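Structure record follows, encoded as structure tokens.
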Amino acid sequence: MKNYKYKLLAAMLSLSVFAGCVHKPKVVLLNDADVIRQNEDELSKVVIYDVFTPPVASRIYAYTSLAAYEAMRYSDPKCNSMVTQLNGFGKPPVPQKGKKYNYTLAATKAFFTVAHKVTFSIDTLKKYEKKVFAMYKDNLDDSTYARSIDFGEKIGNLVVKRSAADNYKETRGKPKYLGDDGAGRWRPTPPDYMDGVEFLWGTIKPLAITSPAMFAPPAPYPYSTDKNSEFYKQNMEVYQLNKHETKEQIDIAHYWDDNPFVIVHRGHLMFADKKLSPGGHWISITRNATIHTNAGGLKTAQAFALTSIALFDSFITSWYVKYEYSTLRPVTYINDNIEHDWLPLLQTPPFPEYTAGHSQISAASAVVLTHEFGDNIAFLDTTELHYIGMTRHFDSFKKAAAETSISRFYGGIHYHHSVDMAAQQGSQVGEFIWQKLKLTNQ
């Protein structure tokens, strides 16, 4: 019996030694472009969960995507820095000469270093990051891993420093904007009569443009209740379309609604419906474009950075105009002058009407994406499949932007004149950004 116990103990020790010698298989390293896309996907989930307003969401995408590009661009010596060509950044850090880096890992660290400072649900991001960093830890030598993490953090901190000086914190905690009862002036709209969102966003420091008033459109039509006036006619146009809309027009309006926080009313029941913001929709389109064109990691990071800069600056210019004129929404005018209980197809967003923000940011995004990938890139947009079960096919980015613009008119929340002016302004912003940024040194 004693010999049996010794033999059993020896067998157990041998088994444990053998088990210790068996190496756990390495985690497969994802390709660079997939990592960059996954990072953006995880950020979008947090943006939705934290219910950031569309302008604030654009700020989050801009700083994080820019940080990722600034690290990733060192993978190609021909690639120029963007931050050195934008407003308010210091001199970016550079890698140590002769040392090995994984720039996708550095880009990921830079991305999330910024994300931690501009979002709320940090624990959610950290759970994802832990998995990504473990993947690199499993595939890189210790010194390359540590060096890449350190470099990414330095770039992230550079971008964080700039974000702290863009006037964002000064716009927090201000009194509510409730408009006024002046003729033609915006006031809270049904059904929830919320205060005006981000009424100081026009004071945020832009990234590429020189002033929020840059490319400002002409003043809106003067307010009038005269049935022969342009102001009355544009309201009647919205009203009549709403009465006779086609299924296609209704589908287009719902597809591009992109209201990140809608209070749904069903009898006595009220609940919140959360989904992507307008900017998030174009980040998703950018993602699809990088997949469709088989873009590598650097091209993917560059595309996200360009789109997010366009979003950020066009939101600033749009909001500057919105609160400069504080034009009332169609629902307010129509309820006062045409039909008291009329409601538009879409729920009216809580901020002034002129000009249309979604039209502007879409045009700006489409311009930079067209320059980046080409004019006739046909694609299936699956952004809304998860939220409303719809997809739409487009022959180009600009055609998608044009549909986005007219969708606001179909939805009854903007005038036709406003969406046209906004699209024009957005195109100018996008073109300015593309011409300003010299992406290569050749």
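The values are calculated or read from the model by the stated rules, or taken from the named source; none is laboratory data. All values derive from a computational prediction rather than experimental measurement. Positions of Cβ are generated from backbone atoms using ideal geometry, with glycine treated the same way; all protein chains shown enter the neighbour counts. In case anyone asks, the SASA skips ligands and DNA or RNA and just uses the protein heavy atoms, side chains included. Shrake-Rupley method; radii C 1.70, N 1.55, O 1.52, S 1.80 Å.
Brief remarks follow.
- In the range 162-203, residue least open to solvent (accessible area, probe 1.4 Å) [restricted to those that are within 29 Å of N87 (Cα to Cα) and of a type in the set (D, E)]: D166
- If you filter the range 271-294 down to residues that are surrounded by fewer than 22 Cβ atoms within 10 Å (Cβ to Cβ) and part of a loop (DSSP other than H, G, I, E, B), you find that the one that is modelled with the lowest pLDDT is K275.
- Residue ranges of helices (runs of 4 or more DSSP H) in the range 349-430 with at least 2 members buried (at least 24 other Cβ atoms within 10 Å of the Cβ): 357-373, 397-410
- Residue list for the range 431-442, filter: under 20 Å from I285 (Cα atoms) and either in contact with a Leu (Cβ under 8 Å, 6 or more places away or on another chain) or open to solvent by less than 10 Å² (accessible area, probe 1.4 Å) (or both): I433, W434
- Selection status of Y74, of a type in the set (S, T, Y) and either open to solvent by 10 Å² or more (accessible area, probe 1.4 Å) or assigned to a loop (DSSP other than H, G, I, E, B) (or both): yes
- Scope the range 247-270; condition open to solvent by 70 Å² or more (accessible area, probe 1.4 Å), out of contact with any Pro (no Cβ under 9 Å at 6 or more places or on another chain) and either outside any loop (DSSP other than H, G, I, E, B) or at pLDDT 90 or above (or both); matching residues: K247, E248, H254, F261, R266, L269, M270
- Test for F120: is it assigned to a loop (DSSP other than H, G, I, E, B), among the hydrophobic types (A, V, I, L, M, F, W, C), open to solvent by 20 Å² or more (accessible area, probe 1.4 Å) and within 28 Å of A134 (Cα to Cα): yes
- Some residue of the range 318-339 being outside any helix (DSSP H, G or I), out of contact with any Gly (no Cβ under 9 Å at 6 or more places or on another chain), open to solvent by 20 Å² or more (accessible area, probe 1.4 Å) and within 24 Å of P220 (Cβ to Cβ): yes
- The single condition from (1) of a type in the set (A, V, I, L, M, F, W, C); (2) in a loop (DSSP other than H, G, I, E, B); (3) at negative phi; (4) in contact (Cβ under 8 Å) with a residue 60 or more places away in the chain that F215 fails is (3).
- Residues within the range 50-62 that are surrounded by fewer than 24 Cβ atoms within 10 Å (Cβ to Cβ) and in contact with a helix residue (DSSP H, G or I) (Cβ under 7 Å, 6 or more places away or on another chain), tallied: 1
- In the range 83-99, the qualifying residues are those that are in contact with a helix residue (DSSP H, G or I) (Cβ under 8 Å, 6 or more places away or on another chain) and charged (D, E, K, R), and the one that is surrounded by the most Cβ atoms within 10 Å (Cβ to Cβ) is K99.
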